[in-house]
1. Roughly how many Å² of ILE140 are accessible to a 1.4 Å probe, to the nearest 10?
2. What FRET efficiency, computed as 1/(1 + (r/R0)^6) with R0 = 30 Å and r the Cβ-Cβ distance, is obtained for VAL4 and GLU77, rounded to the nearest 0.05?
3. Can you give the accessible area of SER129, probe radius 1.4 Å, in Å² rounded to 10?
4. Provide the FRET efficiency to the nearest 0.05 for the ILE140-SER36 pair, computing r from the beta carbons and using R0 = 41 Å.
5. Amide H to amide H under 5 Å from LEU71: which residues, 5+ apart in sequence or cross-chain, H placed 1.01 Å off N in plane?
6. Over the heavy atoms of GLU141, what accessible area does a 1.4 Å probe trace out, to the nearest 10 Å²?
7. Please give the length that would be gained between GLU117 and GLN54 if that part of the chain were fully extended, namely 0.36 nm times their separation in residues minus their C-alpha to C-alpha distance (nm, one decimal).
Amino acid sequence: MEIVADDVVQGRVAEVRDFGAFVWLEDGRKGLIHISEISDDYVKDIHNRIKPNQRVKVKVLSIKEDGRIELSLKQAESLDYTKPPKQEREHDHLPATEYLGEPPNINFEEPLVNSDEFDIMLKAYKRQSEENLLDNKRGIERKRAGGDKKKAKKRRGR
């Protein structure tokens, strides 16, 4: 069953972020409801409106060429489903952690960066930081010196 733009389908909230919510759709793909498409009212905190694993009815706004799917919750509220909800699928019975997304497997035993490379990067960062601080200090001193000279000229001119 292919989902196309303007369809109203049922989905399950996978993850809620400050900018929107990711939703698993009926066909197994994931789409995004931007915070502006949650409600007609101003949404200060999206977490008060939508929760992970919540079933929602959404309208498919568009499907981009790169596969991103834009969804709207507020536009789907007044519409009926264009496709009947699928019967329970296998992934409906998975634990919530599957919907929220697992972190990648990271081996904390191995260092991510060679210590020699890290030392070089750290020295370069410190040198750049010191140069920036020195430039800022010179700029402030230049402004102070310029301001004092202008005031001195005005006093003598009167």
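1. 90
2. On the way: r = 20 Å, r/R0 = 0.67.
Approximately 0.90, to the nearest 0.05.
3. Surface open to solvent at SER129 totals about 40 Å².
4. Values: r = 42 Å, r/R0 = 1.03.
The computed FRET efficiency comes out at 0.45.
5. The answer is LEU32, ILE33, HIS34, LEU61.
6. The accessible area of GLU141 comes to roughly 100 Å².
7. Numbers: separation 63, 0.36 × 63 = 22.68 nm, distance 4.60 nm.
Stretched fully, the GLU117-GLN54 segment lengthens by 18.1 nm.
The values are calculated or read from the model by the stated rules, or taken from the named source; none is laboratory data. Since this is a predicted model, take the numbers as computed values, not measurements. Note: ideal-geometry Cβ built from the backbone for every residue, glycine included; neighbour counts use all protein chains shown. What goes into the accessible areas is simple: the full protein's heavy atoms, side chains included, and nothing from ligands, DNA or RNA. Shrake-Rupley method; radii C 1.70, N 1.55, O 1.52, S 1.80 Å.
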